[in-house]
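Structure in C-alpha coordinates, see below.
The values are calculated or read from the model by the stated rules, or taken from the named source; none is laboratory data. Quick caveat: nothing in here was measured; it's all calculated off a predicted structure. Please note that ligands, DNA and RNA were not included when accessible areas were found on the heavy atoms of the full protein model with its side chains. Shrake-Rupley method; radii C 1.70, N 1.55, O 1.52, S 1.80 Å.
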Amino acid sequence: GSYSATVVAKDYVLTAAHVVAGVAAADLRFALNADGDLSFGSIAAAVIVHPGFVSPQQPNANDLALVRLAQPIPDGVEPYMLSSRHPSLGAEIVLVGYGASGDGAVGPNVSSSSTRKRVGRNVIDRFGQTSAGRSALLFYDFDGPRGSANPLGGPTLGNDVETIVASGDSGGPCFVFEHGQWKLTAVSTFVITTTSGRASTAATGCPFAIG
(Lines give C-alpha, C1' and ligand atoms only; values in the text may rest on other atoms or scores of the structure.)
Protein backbone atom coordinates (compact mmCIF):
# COMPACT_ATOMS: atom_id res chain seq x y z
CA GLY A 1 0.00 0.00 0.00
CA SER A 2 0.89 3.69 -0.10
CA TYR A 3 1.61 5.64 3.07
CA SER A 4 3.23 8.89 4.12
CA ALA A 5 6.62 9.93 5.49
CA THR A 6 8.82 12.98 6.05
CA VAL A 7 12.39 13.61 4.92
CA VAL A 8 14.40 14.33 8.08
CA ALA A 9 17.95 13.89 6.73
CA LYS A 10 19.52 13.54 3.29
CA ASP A 11 19.08 9.76 3.38
CA TYR A 12 16.47 9.21 6.11
CA VAL A 13 12.69 9.49 6.23
CA LEU A 14 10.56 9.29 9.36
CA THR A 15 7.27 7.37 9.30
CA ALA A 16 5.00 5.25 11.50
CA ALA A 17 6.35 1.91 12.67
CA HIS A 18 3.19 0.03 11.72
CA VAL A 19 3.78 1.05 8.09
CA VAL A 20 7.18 -0.64 7.78
CA ALA A 21 7.52 -3.12 10.66
CA GLY A 22 8.21 -6.62 9.36
CA VAL A 23 8.76 -5.44 5.78
CA ALA A 24 12.08 -6.17 4.08
CA ALA A 25 13.96 -2.99 3.18
CA ALA A 26 14.23 -4.12 -0.45
CA ASP A 27 10.42 -4.20 -0.66
CA LEU A 28 10.06 -0.55 0.34
CA ARG A 29 10.29 2.32 -2.12
CA PHE A 30 10.22 6.01 -1.27
CA ALA A 31 8.98 8.57 -3.80
CA LEU A 32 9.81 12.22 -3.22
CA ASN A 33 7.09 14.77 -3.94
CA ALA A 34 8.87 18.10 -4.09
CA ASP A 35 6.72 20.75 -5.78
CA GLY A 36 4.66 18.03 -7.45
CA ASP A 37 7.74 16.41 -9.00
CA LEU A 38 7.82 12.63 -8.45
CA SER A 39 10.96 12.07 -10.53
CA PHE A 40 13.10 10.92 -7.57
CA GLY A 41 12.64 7.53 -5.96
CA SER A 42 14.78 5.21 -3.88
CA ILE A 43 14.48 1.77 -2.39
CA ALA A 44 15.18 1.44 1.31
CA ALA A 45 18.57 0.35 2.57
CA ALA A 46 17.48 -0.26 6.17
CA VAL A 47 14.43 -0.03 8.42
CA ILE A 48 14.88 1.07 12.04
CA VAL A 49 11.74 0.50 14.10
CA HIS A 50 11.37 2.06 17.54
CA PRO A 51 12.37 -0.68 20.02
CA GLY A 52 9.26 -0.01 22.10
CA PHE A 53 6.84 -0.61 19.23
CA VAL A 54 4.64 -3.69 19.77
CA SER A 55 1.90 -3.84 17.14
CA PRO A 56 -0.68 -1.66 15.39
CA GLN A 57 -3.31 -3.23 17.66
CA GLN A 58 -1.64 -1.56 20.66
CA PRO A 59 -1.45 2.12 19.69
CA ASN A 60 1.17 4.01 21.66
CA ALA A 61 3.80 6.70 21.37
CA ASN A 62 6.40 4.24 20.09
CA ASP A 63 4.75 3.92 16.67
CA LEU A 64 7.77 5.48 14.95
CA ALA A 65 10.37 4.24 12.48
CA LEU A 66 13.24 5.56 10.41
CA VAL A 67 13.86 4.34 6.88
CA ARG A 68 17.37 4.80 5.49
CA LEU A 69 17.32 5.37 1.75
CA ALA A 70 19.73 3.66 -0.62
CA GLN A 71 20.17 7.00 -2.41
CA PRO A 72 20.22 10.43 -0.77
CA ILE A 73 17.57 12.94 -1.78
CA PRO A 74 18.57 15.41 -4.51
CA ASP A 75 20.48 18.58 -3.73
CA GLY A 76 18.21 21.54 -3.17
CA VAL A 77 15.61 19.55 -1.21
CA GLU A 78 15.99 20.46 2.43
CA PRO A 79 15.06 17.94 5.16
CA TYR A 80 12.58 19.10 7.78
CA MET A 81 13.94 19.92 11.20
CA LEU A 82 12.41 18.47 14.34
CA SER A 83 10.75 20.87 16.74
CA SER A 84 12.73 21.42 19.92
CA ARG A 85 9.63 22.35 21.91
CA HIS A 86 6.85 20.27 23.34
CA PRO A 87 3.63 21.46 21.64
CA SER A 88 1.02 23.27 23.70
CA LEU A 89 -2.71 22.73 24.05
CA GLY A 90 -4.62 24.79 21.51
CA ALA A 91 -1.63 25.04 19.18
CA GLU A 92 -2.46 24.89 15.49
CA ILE A 93 -0.91 22.03 13.55
CA VAL A 94 -0.61 21.43 9.82
CA LEU A 95 -1.19 17.85 8.64
CA VAL A 96 0.20 16.45 5.39
CA GLY A 97 -0.38 13.04 3.87
CA TYR A 98 -1.43 10.88 0.94
CA GLY A 99 -4.46 9.32 2.61
CA ALA A 100 -8.16 9.20 1.86
CA SER A 101 -10.31 12.31 1.92
CA GLY A 102 -13.95 13.24 2.25
CA ASP A 103 -16.56 15.28 4.05
CA GLY A 104 -16.07 15.86 7.74
CA ALA A 105 -19.65 14.91 8.53
CA VAL A 106 -19.61 11.50 6.84
CA GLY A 107 -15.94 10.49 6.89
CA PRO A 108 -13.58 9.47 4.08
CA ASN A 109 -15.23 8.80 0.72
CA VAL A 110 -12.39 9.72 -1.65
CA SER A 111 -9.67 7.09 -2.13
CA SER A 112 -6.09 7.69 -1.11
CA SER A 113 -3.55 8.48 -3.82
CA SER A 114 0.23 8.04 -3.83
CA THR A 115 0.55 11.07 -6.13
CA ARG A 116 -1.84 13.53 -4.49
CA LYS A 117 -0.55 15.28 -1.41
CA ARG A 118 -3.28 16.65 0.83
CA VAL A 119 -2.83 19.38 3.43
CA GLY A 120 -5.10 20.44 6.29
CA ARG A 121 -5.06 21.99 9.73
CA ASN A 122 -6.34 21.26 13.20
CA VAL A 123 -5.85 22.26 16.84
CA ILE A 124 -4.33 20.14 19.61
CA ASP A 125 -7.13 19.25 22.03
CA ARG A 126 -5.51 16.83 24.44
CA PHE A 127 -2.31 15.01 25.42
CA GLY A 128 -1.93 11.45 26.60
CA GLN A 129 0.48 8.69 27.66
CA THR A 130 3.32 10.33 29.52
CA SER A 131 6.88 9.20 28.94
CA ALA A 132 9.74 10.37 31.15
CA GLY A 133 7.54 13.07 32.64
CA ARG A 134 6.17 14.47 29.39
CA SER A 135 3.19 13.80 27.18
CA ALA A 136 4.05 11.54 24.29
CA LEU A 137 0.79 11.57 22.32
CA LEU A 138 -1.28 14.47 21.04
CA PHE A 139 -4.97 14.21 20.14
CA TYR A 140 -7.25 16.34 18.00
CA ASP A 141 -10.75 15.94 16.58
CA PHE A 142 -13.02 17.22 13.83
CA ASP A 143 -15.07 19.94 15.48
CA GLY A 144 -17.59 20.62 12.75
CA PRO A 145 -18.47 24.03 11.30
CA ARG A 146 -19.54 25.51 14.66
CA GLY A 147 -17.60 23.37 17.09
CA SER A 148 -20.79 21.58 18.10
CA ALA A 149 -19.71 18.02 17.22
CA ASN A 150 -16.34 17.89 18.88
CA PRO A 151 -15.70 14.73 20.96
CA LEU A 152 -12.59 16.19 22.61
CA GLY A 153 -13.77 19.77 22.99
CA GLY A 154 -11.83 22.82 21.93
CA PRO A 155 -12.36 25.44 19.22
CA THR A 156 -13.02 24.84 15.52
CA LEU A 157 -11.05 26.20 12.58
CA GLY A 158 -14.12 25.93 10.39
CA ASN A 159 -15.55 23.24 8.15
CA ASP A 160 -13.52 24.35 5.13
CA VAL A 161 -10.20 24.24 7.01
CA GLU A 162 -10.28 21.64 9.77
CA THR A 163 -9.28 18.07 8.99
CA ILE A 164 -8.15 14.78 10.49
CA VAL A 165 -6.21 11.91 8.96
CA ALA A 166 -7.44 8.73 7.24
CA SER A 167 -6.08 5.51 5.76
CA GLY A 168 -2.86 6.24 3.87
CA ASP A 169 -1.89 9.19 6.08
CA SER A 170 -0.07 6.93 8.56
CA GLY A 171 3.49 8.15 8.98
CA GLY A 172 2.67 11.62 7.71
CA PRO A 173 3.90 14.74 9.48
CA CYS A 174 2.27 17.16 11.90
CA PHE A 175 3.99 20.52 11.52
CA VAL A 176 4.16 23.56 13.77
CA PHE A 177 5.44 26.99 12.76
CA GLU A 178 8.47 27.71 14.89
CA HIS A 179 11.15 30.41 14.54
CA GLY A 180 9.96 31.32 11.07
CA GLN A 181 9.87 27.83 9.60
CA TRP A 182 7.79 24.65 9.57
CA LYS A 183 9.12 22.01 11.95
CA LEU A 184 8.03 18.44 12.57
CA THR A 185 6.38 17.97 15.97
CA ALA A 186 4.57 14.64 15.52
CA VAL A 187 3.85 11.67 13.23
CA SER A 188 0.30 10.59 12.37
CA THR A 189 -0.42 7.13 13.74
CA PHE A 190 -4.08 6.16 14.30
CA VAL A 191 -7.71 7.29 14.33
CA ILE A 192 -10.19 6.70 17.16
CA THR A 193 -13.90 6.54 16.38
CA THR A 194 -16.05 7.76 19.27
CA THR A 195 -19.82 7.83 19.72
CA SER A 196 -19.90 11.54 18.97
CA GLY A 197 -17.31 11.78 16.22
CA ARG A 198 -13.84 10.84 15.07
CA ALA A 199 -10.57 11.84 16.69
CA SER A 200 -6.99 11.36 15.58
CA THR A 201 -3.75 11.06 17.46
CA ALA A 202 -0.09 11.38 16.69
CA ALA A 203 3.10 10.18 18.30
CA THR A 204 5.20 13.15 19.33
CA GLY A 205 8.92 13.66 19.31
CA CYS A 206 11.68 11.59 17.72
CA PRO A 207 13.85 9.39 19.96
CA PHE A 208 16.35 8.56 17.21
CA ALA A 209 19.83 9.89 16.61
CA ILE A 210 20.04 10.56 12.89
CA GLY A 211 23.41 10.38 11.24
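Got a number for the accessible area of His86? Probe 1.4 Å, square angstrom, nearest 10.
Looks like 70 Å² after rounding.
So how much accessible area does Tyr12 have, in Å² to the nearest 10, using a 1.4 Å probe?
20 Å²
Here's something else I'd like to know. Give the separation of the Cα centroids, segment 160-184 to segment 44-67, in Å.
19 Å
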